[in-house]
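Structure first, commentary second.
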Amino acid sequence: MGKSNMEVISIEQKYTYVLISGDTSDINKEVITKYWEIISRNKQPLIFKYMVKDIVEEFGLKQQEISKVVRENSEVIIKDNVCVGCGKYISVARSRSELIDDVRLFCNNEYKECNRCRKIREDEEILNKEKEEEEKIAFLFEKHNESIINTRYEELNDLEWNYLVRIGSQYTTPTQVAKKLGLSIKQGNKILNKLFDMSLLVNNPYKQEIGINDNFANKLKDIGIKNKVKPIFGSELAKKAFRQLKKKYLFVYPEIPVCAIIEKENIDHLLTESWHYNYFLTCRLDFVVTDREGVPEFGVEFQGSYHTDGDQYKKDEFKEMLLNEVGLNIQKLTTEDLKV
Ligand SMILES: [Zn+2]
């Protein structure tokens, strides 16, 4: 429909108008006028003055032909209601059924944008949102790279480091990592937040997952971290004990097999029960303190590895007996000792 030469006719006193294209023939103009003429707007549905079949009869046209003439040459607008985008009248209908569908909006005068302007605005909003999202991701990755270049991971404690390594280059969920490390969700989240704050992790923006970029994953490999290798220390407590002992003694060795420091012939006579020999071969001391030649001076066990009752107590007692037999004592560290 051409912009110019639009003819505006009122089909209802107060609000409803029809725009008719200026180059429409007189006969079609008459068809259109009769098609849209309303008796009452107050009743719902709208009451049209002429039934379509009457127009069909009067003009000798098929119903589809009438629909086509109407659709191509006219549109219903609402008086004084122009699009905030383009300033043109807002088209609300090009057929009776469209007008009836939209009758609520039509009467409440809710149209403030034409369909074209609405679509342009919505597309723009989607585009802006996508752009914003992309910028956010780019920013996260940039920060992540900076953190790697600045080797911020060196500030991490062992547990935090382990957490990072466990994630690796595979995107995973915080719950999975916490589970792998035997941490509670709360403990895991504490580390997670710290790693995020340090930009050592990036979000997988498409899922609720966390990860590190390939660059960093390769760096971890360069540093020589292999996920399959377990740390010597079985627990944080053992590590703490080791560090404390190292402050006090020059030569401290962790996880030493008892059979590595005691000759079997010296304790042979103590191997009286069936489990004794196997236990002698497999049991270890949490730490051994030696002189500078590597000769053991005493053993150290910390709380958590010895128990006060049951089977474990029997074994700990036997281990101590083996050491005492060759003139070595076992010093016992408690959690209290480790707090100092
Ligand atoms: Zn518009």
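The values are calculated or read from the model by the stated rules, or taken from the named source; none is laboratory data. Quantities reported herein were computed from a predicted structural model and do not represent experimental measurements. Positions of Cβ are generated from backbone atoms using ideal geometry, with glycine treated the same way; all protein chains shown enter the neighbour counts. To get the accessible areas, we keep the full protein, side chains included, count just its heavy atoms, and leave off ligands, DNA and RNA. Shrake-Rupley method; radii C 1.70, N 1.55, O 1.52, S 1.80 Å.
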| query | For the subset of segment 50-69 comprising residues that are more than 15 Å from residue 20 (Cβ to Cβ) and either β-branched (Val, Ile, Thr) or in contact with a His (Cβ under 9 Å, 6 or more places away or on another chain) (or both), which member is farthest from the ligand (Cβ to nearest atom)? | reply | 56
| said: Give me the helices (runs of 4 or more DSSP H) completely within segment 110-194, filtered to those with at least 1 residues that are within 16 Å of the ligand (Cβ to nearest atom) and open to solvent by less than 50 Å² (accessible area, probe 1.4 Å), ordered by residue number. | reply: 115-149
| field | Every residue from segment 236-251 that is more than 22 Å from residue 292 (Cβ to Cβ) and open to solvent by 60 Å² or more (accessible area, probe 1.4 Å) | value | 236, 240
| query | Regarding residue 34, is this residue at pLDDT 80 or above, of a type in the set (D, E, K, R) and open to solvent by 90 Å² or more (accessible area, probe 1.4 Å)? | reply | no
| said: I need the full set of residues from segment 277-294 which are surrounded by 10 or more Cβ atoms within 10 Å (Cβ to Cβ) and either small (Gly, Ala, Ser) or over 53 Å from the mean Cα position of the chain (by Cα) (or both), in order please. | reply: 277, 291, 294
| remark: Restricting attention to segment 70-86, the residues that are assigned to a loop (DSSP other than H, G, I, E, B), open to solvent by 50 Å² or more (accessible area, probe 1.4 Å) and within 13 Å of the ligand (Cβ to nearest atom) number exactly 3
